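Data first, discussion second: the structure below is written as structure tokens.
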Amino acid sequence: MIRLTCRLTALLTIAVLLVVAVASDASAQKAKAKKPQPKRVRSAVVGPAIGGNKATPIDRIKAAEGFQVELLYSVPGQDQGSWVNLCTDDKGRLLVSDQYGGLYRITPPAAGETVESASVEKVPAKIRAVNGMVWAFGALYVGVNDYEQKIQSGVYRISDSNGDDQLDKVETIREINSKSDHGVHALVPTPDGKSFFLITGNNTIPPEIADSSPVRQVWGEDHLLPSMPDGRGHNRGVLAPGGIVYRLTPDGKTFEAYASGFRNIFDGAVNRDGELFTYDADMEYDFNTPWYRPTRICHVVSGAEFGWRNGAGKRPTFYADNMPGVLDIGPGSPTGTTFGYGAKFPAKYQNALFALDWSWGRLYAVHLKESGSSYTATKEEFVTGAPLPITDAIIHPQDGAMYFTIGGRRVQSGLYRVTYVGDESTEPVQVTPSKNKARDTRHKLEAFHGKQDPNAINVAWPYLSHNDRFIRTAARIAVEHQPTESWANKALTEADPAKQVEALLALAQVTGVCPQHRNDQTPAVDTDLRDRLLKALASIDAGKINHTQQLTLVRTTQIALNRFGRPDDAIVDQLIASFDPLFPAKSADLNWLLCETLAWLQAPNTAEKSMALIAAAPAQEEQMQYARSIRLLKTGWTPELRTAYFEWFLKAANYRGGASFDKFIEFIRNDAVASLSDSEKESMAELLAKKAEKKSVLDNLGEVFAGRKSTKWTLEELSAAAQTGLKNRNYANGQKMFAAAGCYACHRFDNQGGMTGPDLTSAGRRYSSHDLLDQVINPSKVINEQFSAITVVTDAGLVHTGVVVNLNGDSLMLNTDLTEPNKQVAIDRKTIDSLIVSKTSPMPVGLFDRMTKEEILDLTAYLISGADPKHDFFGK
């Protein structure tokens, strides 16, 4: 469940907990040593030490206005382990699980009371490592993920064998193999109440699945250019389909794959509309790369593919063979999810989806809003704490309170209760059946998933060009499940290009085989079908379809080329003639696909066009993507272009990112060097041997604004200018200033940038221009505690300031430079004398000093715009 890899977001939250967990032992050692103590800084110390077996006290926990949090029980770790899962039985008692041990049963205490240790019952069932559980069909169903391999992972049924009110009988429903903590997780009842959704991570090995599965086993890596494995080796060799949501009957006999392509989902929840949601993990090693994907809320629909692939292969949301998330949360470690149904909370919280983040110590309330056949969403922090490694939460069906647990990775556990004590009404929301024509249409199409039906093609085909992505995808999947011979020719000859691009995507997926998934039983490539498919794609006039359909056209071409192989030169020339005029496009998304495809085709103009894009792109992610795309390109290079390309690598050596970032840059450069001819290597020997001059982010700022004098801008002056000066601003220049000031190093904006500071994409919804300017000019005035640095004072008097990035045993890793994620120092927890929250923001002062007023206004307008240049938020 909880990640063992470097968690760049495990800040003070977990650090304090692990330090105080050894407080008693550490104090004894210090007393015995009787050595002089260094002078301690007393201001802003993070509270007194918590004794052994004491969970985070409520004075360190914040809740939304009107809510109170009670600490009901501090778990004695030596005896009862570290709790990660929670549910109720048929009598309203709580059942909890130890991540590495067994189950416990608790009767919820009355208001104002706590749980006594003696009242925590050990469940006699011989089961361990339960990572998901639900009471249904008169028994407890559990998902076991025992990567210590003391018992078989899988799904089990636990019941009372003799009526003595003790759960003692364990039955295996389905054995499932998994590796690591990205394995078998939650069980969620399906909307019809007849089956379960089983939530699994990407290290679960897919078992045999039923032919009735909405997910067809045609998954592939589908990288047109060779992908790069993770630079640190994480999940190297692990191929598609990634994490899967399965659908299984209570007896385990029907076992279907419902949706796939997740990284590490731990839980799921179904809303009143019968729609499933989950909270998927990011990969922190990928920070600041173009393929980084933040943790996100996903609307899990029938047959969906969510695009996780290892290393640099993760699919961006604009890929047509991949579904987007509903809401990006940011960096974190997702755990539990639950809806607020039945809670004695104000109406908006009764309807909220609650999503838990272990590493940040955040319990989010996610507010969903219908949008076509899917949803949009916003989030708010509902409960936060330091430390608060939160693992699971439920709404109790009888008292209407929320109960949640903290724990995991053998850290100190606790059981908490959240109740509403404010003035708003907590009357149950009156539920009326929701009428949604778009959703009904999607469901009509999903009824064809997993089965062959003579009516499917006629019903689904008209929806292949629907403007609702979820409907369009449901229609394509319905077509894919029908006998190919019944619709292949229709796809190849379809007159409507909007329908044809989607139909040809279906055809490429069901008839081609990804090279990484070929075996001795794989049929030979049907070259006739390949040529017909590629000619059909090349014949589509891209000027007559919209941007989304253009993306589908190029992505479908990539899949066809990957699965069928390279066609003859005539078809290659036809494809180049079709796509080259589109490149470069106005859209970075379309440029991503065009650059890759034309480079693979060895189109002669690609080198020049790509280098121009690299030079113009303000963000390192976009530059890196183009550089990756042309690394194997051998045509169209001039000495000047080659020189510019390899000089870019010297520049990129000073870019910053996650733990694998430098290795990814190295991989790209190695491939680029290998693509040079011997004569090119000889002529460029001096440049290829040149070592990059390492510079800090702030040093690089000096180059951007070289020769300029500093101006000490005041808040009053800039705020007054912004009142009337934000109309008709230059957003492109604003983005350029965002990059020039080094903001991308720490902040994410419009799916690019770092993760060590707040995501600024929605800054315009959170801040006025005055407040935004104030944040930059006075960065330490108000510090978001989520991004606060800490100062660690050791017994030896050493002082380290930074952000906690990893914890392992007694070792605490501190990042001492947020612009350099890998600049870290290791500290032994047993030697820590105090932890102090810094009152100084990690964000440097004076970022505006070398900008002109016009540049500052462009930057301010760009930030408030939310990166949407189609709108002028300040009028014309």
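In whole percent, and with a 1.4 Å probe on the protein chains, what portion of the accessible area of the chain is carbon and sulfur? Let's see the in-between values first.
Numbers: 17090 of 34650 Å².
Whole-percent figure for carbon plus sulfur exposure: 49.
Is the shape of region 446-585 rounded, prolate or oblate, going by the alpha carbon gyration tensor and its root eigenvalues a ≥ b ≥ c, with a/c under 1.5 for rounded and a/b larger than b/c for prolate? Oblate shape, in that a/c is at least 1.5 and b/c is the bigger or equal ratio. For the chain, a crude dipole built from +1 on the beta carbon of Lys and Arg and -1 on the beta carbon of Asp and Glu, taken about the Cα centre, is about 1460 debye to the nearest 20. Residue by residue, region 98-114 carries 3J(HN,Hα) couplings of 8, 4, 10, x, x, 10, 9, 10, 9, 8, x, x, 5, 4, x, 9, 10 Hz when phi is fed to the Karplus relation 6.51 cos²θ - 1.76 cosθ + 1.60 (θ = phi - 60°); x denotes Gly or Pro. Computed over neighbours whose Cβ is under 15 Å from that of Gln574, the net charge equals -2, Lys and Arg +1, Asp and Glu -1. Calculated FRET efficiency, Glu113 to Glu208, Cβ-Cβ distance, R0 = 51 Å: about 0.55 to the nearest 0.05. Couplings 3J(HN,Hα) for region 833-839, derived from phi with the Karplus relation 6.51 cos²θ - 1.76 cosθ + 1.60 (θ = phi - 60°), are 8, 7, 10, 10, 6, 6, 8 Hz, where x marks Gly and Pro. Within the same chain, aspartates and glutamates fewer than 8 places from Lys490 are excluded, and of the rest, those with a Cα less than 14 Å from its Cα are Glu480, Glu502. Per residue, how much accessible area does region 628-773 have with a 1.4 Å probe, in Å²? I get 50 Å² per residue for region 628-773. The phi torsions of region 202-214, fed into the Karplus equation with coefficients 6.51, -1.76 and 1.60 and a -60° offset, translate into couplings of 7, 9, 7, 7, x, x, 5, 10, 6, 5, 7, 5, x Hz, rounded to whole numbers, with Gly and Pro shown as x. When the C-alpha to C-alpha distance is required to be over 25 Å, the pairs from Lys499/Lys535; Lys314/Lys369; Lys91/Lys122 that qualify are Lys314/Lys369. Residues whose amide H comes within less than 5 Å of that of Asp759, counting only those at least five positions distant or on another chain, are Arg748 (H built at 1.01 Å from N in the peptide plane).
Amide H to amide H distances under 5 Å link Ala257 with Ala210, Ser213, Val215, Arg247, where only residues 5 or more positions off or on other chains count and H is placed in the peptide plane. Given the pairs Lys179/Lys651; Lys609/Lys681; Lys54/Lys781; Lys379/Lys781; Lys586/Lys727, which span a C-alpha to C-alpha distance of over 29 angstrom in this model? Flagged as over cut-off: Lys179/Lys651; Lys54/Lys781.
Of all aspartates and glutamates in the structure, the ones whose alpha carbon falls short of 12 Å from that of Lys253, not counting any fewer than 8 places away in one chain, are Glu175, Glu208. Only Cα pairs under 8 Å and 6+ residues apart enter the sum, and on that basis the relative contact order of the chain stands at 12 percent. With all protein chains in place and ligands, DNA and RNA left out, the 1.4 Å accessible area ranks His396, His800 as His800, His396, largest first. Placing unit charges on the Cβ atoms only, positive for Lys and Arg and negative for Asp and Glu, gives region 311-442 a dipole magnitude near 400 debye about its Cα centre. Counting only other residues whose beta carbon sits under 12 Å from that of Ala619, what net charge do I get with K and R as +1, D and E as -1? That works out to -1. Near Ala789, the amide H atoms lying under 5 Å from its own belong to Ser838; only residues 5 or more places off or on other chains count, and H is placed 1.01 Å from N. Other residues within the sphere of radius under 10 Å centred on the Cβ of Val383, judged by their own Cβ, net out at +1 (K and R +1, D and E -1). Calculate log10 I(q)/I(0) of the chain for q = 0.05, 0.09 Å⁻¹, where I(q) comes from the Debye formula with a single equal point scatterer on each Cα and nothing for solvent. Per q value, in the given order, log10 I(q)/I(0) is -0.29, -0.99. Evaluated with a Cβ-only charge set (Lys, Arg +1; Asp, Glu -1), region 632-671 carries a dipole of roughly 40 debye about its Cα centre, given to the nearest 20. Over region 323-454, accessible surface divided per residue gives 37 Å², non-protein components excluded, 1.4 Å probe.
When only alpha carbons are used to place a centre, region 654-684 and region 176-239 end up 32 Å from one another. Taking 13 Å as the straight-line reach from the Cα of Lys435, the aspartates and glutamates in range (excluding those fewer than 8 positions away in the same chain) are Asp273, Glu370.
Ordering Gly400, Tyr156, Gly361 by Cα displacement along the dipole of the chain toward the positive end leaves Gly361 in first place; charges were set at the Cβ atoms of Lys, Arg (+1) and Asp, Glu (-1).
Comparing Ala616, Leu814, Phe738 along the charge dipole axis of the chain, the residue lying farthest to the positive side is Leu814, per the Cβ-charge model.
The values are calculated or read from the model by the stated rules, or taken from the named source; none is laboratory data. Everything numeric in this text was worked out from a predicted model, so none of it was measured. Backbone-built Cβ (ideal geometry, glycine too); neighbour counts: all protein chains shown. To get the accessible areas, we keep the full protein, side chains included, count just its heavy atoms, and leave off ligands, DNA and RNA. Shrake-Rupley method; radii C 1.70, N 1.55, O 1.52, S 1.80 Å.
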